[in-house]
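See below for the structure under consideration.
The values are calculated or read from the model by the stated rules, or taken from the named source; none is laboratory data. Note that the coordinates shown come from a computational prediction; the quantities given were computed from them, not determined experimentally. When we count neighbours, we look across all protein chains shown, and the Cβ atoms used for this are built from the backbone with ideal geometry, even at glycine.
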């Protein structure tokens with residue numbers, strides 16, 4: 001029998017890290033394994049010539065080692081890791097479909113306005129295209145000390 005899978009995409013940001021305990025708790029409660037996925041975007045290849053050799057290529061071994069470090073604090077939660085290459089949203093959705101994931105848990109920065117327009121939103125694209133339910137966890141905003149003192 002296929003073990004239920006909860007997929008946790010990570011871009012190694014604080015927002016992704018903040019979603020990890022929630023994904024792990026859901027995996028434990030449902031008897032699921034946690035599949036942590038990182039998608040590297042291919043480096044843009046220049047038109048050609050000598051510049052092609054000057055473009056830094058992603059260090060796949062370093063990224064894979066970093067990915068292996070993303071694991072729940074509760075060692076009883078089964079965890080697997082997958083490193084993929086391509087468009088992050090498309091690959092996350094493809095892997096979720098291939099693995100028959102029961103849920104995707106992702107962290108989001110909650111960017112809005114011009115910043116989101118310029119950077120795009122991987123989270124939104126996953127929400128629109130996912131083959132299963134998606135839980136988007138927004139990282140808690142930090143409260144500036146001045147406003148904390150004024151309220152407190």
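Scanning region 113-120 turns up no residue that is touching a helix residue (DSSP H, G or I) at 6+ places or on another chain (Cβ under 9 Å), at pLDDT 95 or above and surrounded by 12 or more Cβ atoms within 10 Å (Cβ to Cβ).
Scanning region 41-94 for residues that are assigned to a loop (DSSP other than H, G, I, E, B), exposed (fewer than 15 other Cβ atoms within 10 Å of the Cβ) and at pLDDT 90 or above returns 69, 73, 74, 75, 76, 86.
Scanning region 121-130 for residues that are touching a strand residue (DSSP E or B) at 6+ places or on another chain (Cβ under 9 Å) and either surrounded by 15 or more Cβ atoms within 10 Å (Cβ to Cβ) or not in a helix (DSSP H, G or I) (or both) returns 121, 122, 123, 126, 127, 130.
Given the condition touching a helix residue (DSSP H, G or I) at 6+ places or on another chain (Cβ under 7 Å) and at pLDDT below 95, answer yes or no: does some residue in region 24-38 qualify? No - not one qualifying residue is present in region 24-38.
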